[in-house]
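Chemist: Sharing a structure below in structure tokens format, with a few things to ask.
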Amino acid sequence: MILNARPVRHRRPFDRALAGLRILESGDLAARLLVLFRQADRDGLPFADLRGLLGAGTRELRAAYDAACSRGDLVCIDAEEDRAVAREMLDELGKKFLAALEKFHARSPETPGMPAAELSAGIDAPLAGRGLARLVKEGKIIREGETVRLASHDVGFRGEDAARSEKILADLSAARFAPPTVRELVERYGRKKGDVEKTLDALVKQGKIVRVHPTLYYDAARFAELRALVETHLAAHGDIDA
């Protein structure tokens, strides 16, 4: 007798696997359906595969499948393929995402968020998208464009990085339209070029400064002033003489 047409490799202890096999042998349709989806792990199963796996009629399977989705036991991750995963898979994925974000923020507290593509690397795209959307809905993470951060994350520098960023911002603002170059900032604060560039990159991501060249940055407010002056001049004169 074939109990599972799509067997998976199980880890010790085998109690849960054996319990699942007993359900597949004698459980009702709803119970057997959940066992198959739990065994399918993150890949999930498309509805079209269920008839061959469970040997039930399409109408009966659809009713059991829709009921499981309505209860939240199954979560649809791909409407086009009509593919779902067991709720536990999203629970585990959510924990993985949150843990990864905690590590990222601890390592780079000055960075607004982690690239979503980096966070979900190696994970099925529909599943990753559903997992992120679920965390956003639960208020645990915030997604802004292509970046993701914990809702509790306070973007900012720490320790010496905080002092350096404040000085750089003050210098760029005071210089108005003739800001110091990266080299001048490094010489001014006696820091390694890499440290200053890291601070500048973080300030750009925070929207506080604007990069116009690899060696030149403007305070965001000053840059907006300069752009407004240029636009006003162009509107009045049509061009700018060199």
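Chemist: Of (1) at pLDDT below 90; (2) of a type in the set (S, T, N, Q); (3) over 30 Å from the mean Cα position of the chain (by Cα), Q206 satisfies all except one. Which?
Modeler: (3)
Chemist: Just to be sure I understand, how many residues within region 176-224 are farther than 23 Å from P112 by Cβ, touching a residue at least 12 places away in the same chain (Cβ under 8 Å) and not hydroxyl-bearing (S, T, Y)?
Modeler: Residues flagged as farther than 23 Å from P112 by Cβ, touching a residue at least 12 places away in the same chain (Cβ under 8 Å) and not hydroxyl-bearing (S, T, Y) within region 176-224 amount to 4.
One line per residue, one yes/no per condition, for (1) over 31 Å from the mean Cα position of the chain (by Cα); (2) part of a helix (DSSP H, G or I); (3) of a type in the set (A, V, I, L, M); (4) assigned by TED's automatic domain parsing to the domain that holds T111:
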position	(1), (2), (3), (4)
L169	no, yes, yes, no
E197	no, yes, no, no
A202	no, yes, yes, no
R227	yes, yes, no, no
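Chemist: How many of the residues in region 173-188 are hydrophobic (A, V, I, L, M, F, W, C) and either within 30 Å of I142 (Cα to Cα) or in a loop (DSSP other than H, G, I, E, B) (or both)?
Modeler: Residues flagged as hydrophobic (A, V, I, L, M, F, W, C) and either within 30 Å of I142 (Cα to Cα) or in a loop (DSSP other than H, G, I, E, B) (or both) within region 173-188 amount to 3.
Chemist: Related question: Can you tell me which condition A79 does not meet? The list is (1) within 26 Å of E138 (Cβ to Cβ); (2) within 29 Å of the chain's Cα centre (by Cα); (3) buried (at least 18 other Cβ atoms within 10 Å of the Cβ), and all the others hold.
Modeler: In the conditions (1) within 26 Å of E138 (Cβ to Cβ); (2) within 29 Å of the chain's Cα centre (by Cα); (3) buried (at least 18 other Cβ atoms within 10 Å of the Cβ), A79 misses (3) alone.
Chemist: Okay, moving on. On the basis of being at pLDDT below 90, in a loop (DSSP other than H, G, I, E, B), in the same structural domain as H213 (by TED's automatic domain parsing) and of a type outside the set (S, T, Y), does R191 make the cut?
Modeler: Yes: the conditions hold for R191.
Chemist: Would you mind stating whether G131 is within 14 Å of the chain's Cα centre (by Cα) and at negative phi?
Modeler: Spelling it out, G131 is indeed within 14 Å of the chain's Cα centre (by Cα) and at negative phi.
Chemist: If I filter region 35-76 down to residues being of a type in the set (D, E) and within 17 Å of R130 (Cβ to Cβ), which single residue comes out as surrounded by the fewest Cβ atoms within 10 Å (Cβ to Cβ)?
Modeler: Once the filter is applied, the top-ranked residue is D41.
Chemist: Taking interchain pairs and intrachain pairs at least six residues apart, which have beta carbon atoms under 6 angstrom, with the first residue in region 138-153 and among the charged types (D, E, K, R) and the second assigned to a loop (DSSP other than H, G, I, E, B) and surrounded by 14 or more Cβ atoms within 10 Å (Cβ to Cβ)?
Modeler: R149/G113
Chemist: Moving on. For region 110-119, name all the residues that are in contact with a strand residue (DSSP E or B) (Cβ under 9 Å, 6 or more places away or on another chain) and either among the β-branched types (V, I, T) or in a loop (DSSP other than H, G, I, E, B) (or both).
Modeler: T111, P112, G113
Chemist: Please go through region 53-85 and pick out each residue that is within 22 Å of D124 (Cβ to Cβ) and in a helix (DSSP H, G or I).
Modeler: L53, Y65, A68, C69
Chemist: Can you tell me which of (1) in a helix (DSSP H, G or I); (2) closer than 23 Å to V210 by Cα is the one A128 doesn't meet?
Modeler: So the condition that A128 fails would be (2).
Chemist: Same structure again: Return the residues of region 82-119 that are more than 15 Å from R143 (Cβ to Cβ), buried (at least 19 other Cβ atoms within 10 Å of the Cβ) and among the small types (G, A, S); say none if nothing qualifies.
Modeler: A84, A86 - these are the residues of region 82-119 that are more than 15 Å from R143 (Cβ to Cβ), buried (at least 19 other Cβ atoms within 10 Å of the Cβ) and among the small types (G, A, S).
Chemist: Of the residues L203, L226, which is touching a Ser or Thr at 6+ places or on another chain (Cβ under 8 Å) and more than 30 Å from V75 (Cβ to Cβ)?
Modeler: L203
Chemist: Evaluate region 216-229: report whether one residue or more is of a type outside the set (A, V, I, L, M, F, W, C), over 22 Å from G145 (Cα atoms) and surrounded by fewer than 12 Cβ atoms within 10 Å (Cβ to Cβ).
Modeler: The answer is no, given that none of the residues of region 216-229 is of a type outside the set (A, V, I, L, M, F, W, C), over 22 Å from G145 (Cα atoms) and surrounded by fewer than 12 Cβ atoms within 10 Å (Cβ to Cβ).
The values are calculated or read from the model by the stated rules, or taken from the named source; none is laboratory data. Source: prediction; values computed, not measured. Don't worry about glycine lacking a Cβ; one is built from the backbone with ideal geometry, like all the others, and counts go over all protein chains shown.
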